[in-house]
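Engineer: Take a look at the following structure, please.
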Amino acid sequence: MPFASASSIAAGVRAGELRATDVVDEHLARIADRDAEVHAFNLVVADEARAQAAAVDEAVAAGRDPGPLAGVPIALKDNMCTRGIPTTCSSKILDDWRPPYDGTAVSVLRAAGAIAVGKTNLDEFAMGSSTENSAFGPTRNPLDTSRVPGGSSGGSAAAVAAGFAAIGFGSDTGGSIRQPAALCGVVGVKPTYGRVSRYGLIAFASSLDQIGPFTHSVADAALALQVVCGHDPLDSTSIPEPVPDYTALLDRGVEGLRVGRITDLPEGADDDVVERTEQAFDALAAGGATIVDVEVPAFTYGLTAYYLIAPAEASSNLARYDGVRYGMRVDAPDTNAMYTATRTAGFGDEVKRRIMLGTYALSAGYYDAYYGKALKIRRLMADDFARAYERADVLVTPASPSVAFPFGSKTADPIAMYLCDTYTIPANLTGDPGLSVPFGTGADDLPVGVQVLAPALGEPVMLQVAAELERRAAAGGEP
Ligand code: GLN
């Protein structure tokens, strides 16, 4: 790993062996050096970060506990509300809107001693798979700047890959953490729906959205989850269950675990990705896991159901941007004309496409045929996965069908872009957790991510399997 891990930073700062101010300065220097090229950030908050780091150092000097993420530089996706700090969703419609409150994830991270260095770029309103839909220009993949970092949380994935922050946070509605993690060669976790509070996460599709971390290692992901997971009375969909110790199983290996291989997985992954995924099964079998074949017939309908449910929810959630309550307004002679002018100027093409799709799917006469049918598929999907999890502790699939692709290669064809999320979407529809862990490289030496899926609240076993893949990839056991 070319950059210091979050775990080592926190341990060093807590022990008084590292100064948070030095750690933050080092990360800010890397940002100053390279973010003009990468454009991971919409906004860097250097002064605030330095002041918070100084406060952490003071706490350590005074013998107070600075928290489990003491001095760890973090990057926050720009759809996470930060009090008094612009939160744009990379949309013109929210330009310069400053939330009057911090989201719960943001406040628990601060209380844990983490230092936010900035707000990261995303596809507008988290709609996309390449970060090319940002109103403020794309983010570049730090591993090859002619390629996309994935999306929609491309800025946070790139920030971690470039060493701008030790942990990035993103949101995953259909794959927006796992797919960019795969393309940038970092670990990315979508926790169980309801495990991390959505309070203060700007809504895209409320029944699918979930916050999660990007990290350099599985152990760092466990550390990050330990802080952000937990019940929040401010989010009515938050799970009122205690948070287990996510590090407990990391060193245990996979002896005796049942790893499911989905035999009817939709096709479309590139050969290099398929090959690496096969090697992941071999590596887990070598570690003592049993590979079991399972069927998940509804998997293949995931994308179709998602592109009705997600736009339907988005069309409703985005109705609030009316030129009255948030951000920009384009004046016009009457109220309706003002709404139209504001939304026409404020939203980009992809967001408008989703609003139109969703409005249509929910309209009288079409509701049952489209939205209602998609909900039935969602039910079938949950049943299929539940059956698979009777026979397997986890399932392993590719995370993204391809390695990082060149800019512009999918922008003219929305369906080609949507296909990036073929393997990640089902876990959003079921609410189950999923992660992407780097496992070797594919075409052009670019990283390949392997996805590990687990049943609801199965984060411990999911992390256990990911840790084994990480060890075997590092050992060159190859991968
Ligand atoms: N790429 C998917 C979409 O465009 C998923 C986005 C996400 O997870 N936020 O909707």
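The values are calculated or read from the model by the stated rules, or taken from the named source; none is laboratory data. Keep in mind that this is a model prediction, so the values were computed, not measured. In this analysis, Cβ positions are derived from the backbone assuming ideal geometry, glycine residues included, and neighbour counts consider all displayed protein chains. The area values use the complete protein model at the heavy-atom level, side chains included, leaving out ligands, DNA and RNA. Shrake-Rupley method; radii C 1.70, N 1.55, O 1.52, S 1.80 Å.
Engineer: Gain in length, Glu267 to Asp445, computed as 0.36 nm per residue apart minus the alpha-carbon separation, to one decimal in nm? Display every interim value, and only then the final one.
Structural biologist: Working: separation 178, 0.36 × 178 = 64.08 nm, distance 2.26 nm.
Between Glu267 and Asp445, full extension yields an extra 61.8 nm.
Engineer: Okay, moving on. Order the peptides 75-85, 36-46, 91-101 from the highest to the lowest mean number of other Cβ atoms within 10 Å of their residues. Intermediate values should be presented prior to the final figure.
Structural biologist: Values: 75-85: 24.5, 36-46: 19.6, 91-101: 17.4.
Ranked by mean Cβ neighbours within 10 Å, highest first: 75-85, 36-46, 91-101.
Engineer: Per residue of the range 247-256, what does 6.51 cos²θ - 1.76 cosθ + 1.60 with θ = phi - 60° give for ³J(HN,Hα)? Whole Hz please, x for Gly and Pro, Karplus curve as stated.
Structural biologist: Ordered by residue, 3J(HN,Hα) equals 8, 4, 9, 4, 9, 7, x, 10, 3, x Hz.
Engineer: On to the next question. Run the numbers for Ala412 and Leu380: contour at 0.36 nm per residue of separation, minus the present Cα-Cα distance, in nm.
Structural biologist: Here the answer is 8.3 nm.
Engineer: Can you tell me how the range 1-133 classifies by the Cα gyration tensor, rounded, prolate or oblate, using a/c under 1.5 as the rounded cut? List each step's numbers first, then the result.
Structural biologist: Details: a/c = 2.28, a/b = 1.63, b/c = 1.40.
Verdict is prolate for the range 1-133.
Engineer: Per residue of the chain, what 222 nm ellipticity follows from adding -39500 (n - 2.57) for every DSSP H run with n ≥ 4, rounded to the nearest 500? Display every interim value, and only then the final one.
Structural biologist: Working: 15 runs with 181 residues, N = 479.
The helix contribution divided over the chain gives -11500 deg cm²/dmol.
Engineer: Taking the Cα-to-Cβ direction at Ala364 and at Ala332 and moving 7 Å from each Cα, how far apart do the two end points lie in nm?
Structural biologist: 2.4
Engineer: If you look for lysine pairs in the chain that are eight or more places apart or on different chains, how many of them have Cα atoms under 29 Å apart?
Structural biologist: 20
Engineer: Just the number, please: carbon plus sulfur as a percent of the accessible area of the chain, 1.4 Å probe, no ligands or DNA/RNA counted. Display every interim value, and only then the final one.
Structural biologist: On the way: 9000 of 17370 Å².
Looking at the chain in its full context, I get 52 percent from C and S.
Engineer: Roughly how many Å² is the accessible area per residue of the range 71-176, as a whole number, for a 1.4 Å probe?
Structural biologist: Details: 2060 Å² over 106 residues.
With the other protein chains kept in place, the range 71-176 gives 19 Å² per residue.
Engineer: Rounded to whole Å, give me the distance from the Cα center of the range 96-157 to that of the range 427-448.
Structural biologist: 19
Engineer: First measure r as the distance between the Cβ atoms of Val324 and Asp33, then evaluate 1/(1 + (r/R0)^6) with R0 = 60 Å and state the FRET efficiency to the nearest 0.05.
Structural biologist: Details: r = 42 Å, r/R0 = 0.70.
Calculated value: 0.90.
Engineer: At what distance in angstrom do the alpha carbon centres of the range 1-52 and the range 329-389 lie from each other?
Structural biologist: 39
Engineer: Which order do the peptides 383-389, 116-122 come out in when sorted by mean C-beta neighbours inside 10 angstrom, highest first? Could the numbers behind the result be given before it?
Structural biologist: Working: 383-389: 18.3, 116-122: 29.1.
Going from most to least packed, we get 116-122, 383-389.
Engineer: Oh, and also: Please work out the Kirkwood hydrodynamic radius for the chain, using every pair of different C-alpha atoms, and report it in angstroms with one decimal place. Please list the in-between numbers first.
Structural biologist: Details: mean 1/r = 0.0452 Å⁻¹.
The answer is 22.1 Å.
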